[in-house]
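Novice: Take a look at this one; I'll ask things after.
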Amino acid sequence: MSGPRLIGVDWGTSNLRVMRIAEGGAVLDSRSDPRGAGGLSRDQFRPVLEEVAGDWLSNGLPVIVGGMAGARGRWREMAYAPCPAGIQELARAVERPDDAAFVALIPGVAAYRDGRLHDVMRGEETQVMGLDAPSDAVVVAPGTHSKWIETQAGRIVGFRTFMTGELFGAIRKGTILGADMGEPGVEDDAFAAGVGRAFADPAITAVLFSVRIDGLAGRLTAGAAADYLSGLLIGAEVAAQSAMNDRPVVLIGAEALCHRYAAALAMGGFQDVRTADGAAATARGLWRIHEAASR
């Protein structure tokens, strides 16, 4: 394996990961920090990066940053590259913040419909560029805002965002349904029951109340309620995308969450479901965009 050729930065809303990357995108070293882009003002990004990267910056390696550092009000607002977008389109659109000429920021990607802005992403596009996925695949990135990303020949041609994770947290912490609710991830049968219920009834705002009703009726324990709620929300998401079940699906994200999505996708008739290493894909995507931008 070659020595470090690039410093790659994945700057999420709530955390930061800085990597030393070898040619081709292999990660040699990684450092993490809880200072995500969501809590930083424009003038804080460079000092935080210099603190976390530290001695890695002394060798003059190029630095490329993906994620939320390019969001509005952050380090430098980066315009969205319109779909279809691949490595070349993203590489042509990288820009440098005013206070750090050694840093390249990757743009996000935007989807338009009838000439109007329809959806946006920041960060997932870099992961997609790092995948070696089948042509015409669907990349599903579960999380706070889940993305269903349509690809053709390695380019992003369309996508749709679901606020599944954020809704789960809001319902669990801020509504009557969350009262006495246990932790998720322990009751697979309750999760599957929630998925099945969502498949059977598309009226999700009505079906959500079944968390309360089934609890009162003794059919759902407090310890299983979080998994049932998770199943309802993920099931509704999968049901909304059921027309894609004839395409390969690549899941990319946290292992436990991808496992849950894989189970829901199987219940929804998706036949070809694979899971990719999100951290490795991000590093390869950063390398490939940097390589293309350097030509």
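The values are calculated or read from the model by the stated rules, or taken from the named source; none is laboratory data. Because the structure is a prediction, the values reported are computed rather than measured. Using ideal geometry, Cβ is built from the backbone for each residue, glycine included, and neighbour counts are taken over all protein chains shown. Note: areas computed on protein heavy atoms with side chains; ligands, DNA, RNA excluded. Shrake-Rupley method; radii C 1.70, N 1.55, O 1.52, S 1.80 Å.
Novice: In region 250-268, which residue that is in a loop (DSSP other than H, G, I, E, B) and in contact with a helix residue (DSSP H, G or I) (Cβ under 7 Å, 6 or more places away or on another chain) is nearest to Ala200 (Cα to Cα)?
Specialist: So in region 250-268, the residues in a loop (DSSP other than H, G, I, E, B) come out as 253-254, 268.
Remaining after also requiring in contact with a helix residue (DSSP H, G or I) (Cβ under 7 Å, 6 or more places away or on another chain): 253, 268.
Working: Gly253: 27, Gly268: 11 Å.
The qualifying residue nearest to Ala200 (Cα to Cα) is Gly268.
Novice: State whether the residues of region 279-286 include one that is crowded, with 20+ Cβ neighbours inside 10 Å and either free of Cβ contacts under 8 Å to residues at least 12 places away in the same chain or in a loop (DSSP other than H, G, I, E, B) (or both). Steps first, please.
Specialist: Step one: of region 279-286, the residues crowded, with 20+ Cβ neighbours inside 10 Å are 281-286.
Within this subset, residues satisfying the condition of being either free of Cβ contacts under 8 Å to residues at least 12 places away in the same chain or in a loop (DSSP other than H, G, I, E, B) (or both) are none.
The answer is no; no qualifying residue exists.
Novice: Only one of (1) within 15 Å of Thr164 (Cα to Cα); (2) in contact (Cβ under 8 Å) with a residue 60 or more places away in the chain fails for Gly196. Which number is that?
Specialist: Gly196 satisfies every listed condition except (1).
Novice: If I go through region 269-278 residue by residue, how many of them are touching a residue at least 40 places away in the same chain (Cβ under 8 Å), outside any helix (DSSP H, G or I) and open to solvent by less than 20 Å² (accessible area, probe 1.4 Å)?
Specialist: Within region 269-278, residues that are touching a residue at least 40 places away in the same chain (Cβ under 8 Å), outside any helix (DSSP H, G or I) and open to solvent by less than 20 Å² (accessible area, probe 1.4 Å) number 0.
Novice: Still on this structure, please answer the following. Could you check, for region 38-47, whether at least one of its residues is under 25 Å from Val120 (Cα atoms) and either buried (at least 17 other Cβ atoms within 10 Å of the Cβ) or in contact with a helix residue (DSSP H, G or I) (Cβ under 6 Å, 6 or more places away or on another chain) (or both)?
Specialist: So far as region 38-47 goes, yes, one or more of its residues are under 25 Å from Val120 (Cα atoms) and either buried (at least 17 other Cβ atoms within 10 Å of the Cβ) or in contact with a helix residue (DSSP H, G or I) (Cβ under 6 Å, 6 or more places away or on another chain) (or both).
Novice: Inside region 218-249, can you point out the residues that are of a type in the set (Asp, Glu) and not in a loop (DSSP other than H, G, I, E, B)?
Specialist: Within region 218-249, Asp227, Glu237 qualify.
Novice: One residue is enough: does region 91-100 have a residue meeting the conditions open to solvent by less than 40 Å² (accessible area, probe 1.4 Å) and without any contact (Cβ under 8 Å) to a residue 40 or more places away in the chain?
Specialist: Yes, region 91-100 has at least one match.
Novice: Separate question: For residues in region 1-26 being of a type in the set (Val, Ile, Thr) and open to solvent by less than 60 Å² (accessible area, probe 1.4 Å), which is farthest from Glu291 (Cα to Cα)?
Specialist: Out of the qualifying residues, it is Val18.
Novice: Just to check your reading of the model, which residue among Val18, Val27 is β-branched (Val, Ile, Thr) and over 23 Å from Asp132 (Cβ atoms)?
Specialist: None of the others qualify; the one that does is Val18.
Novice: Can you go through Arg212, Arg247 and tell me which one is basic (Lys, Arg) and in contact (Cβ under 8 Å) with a residue 60 or more places away in the chain?
Specialist: Just a single option satisfies the conditions, and that option is Arg247.
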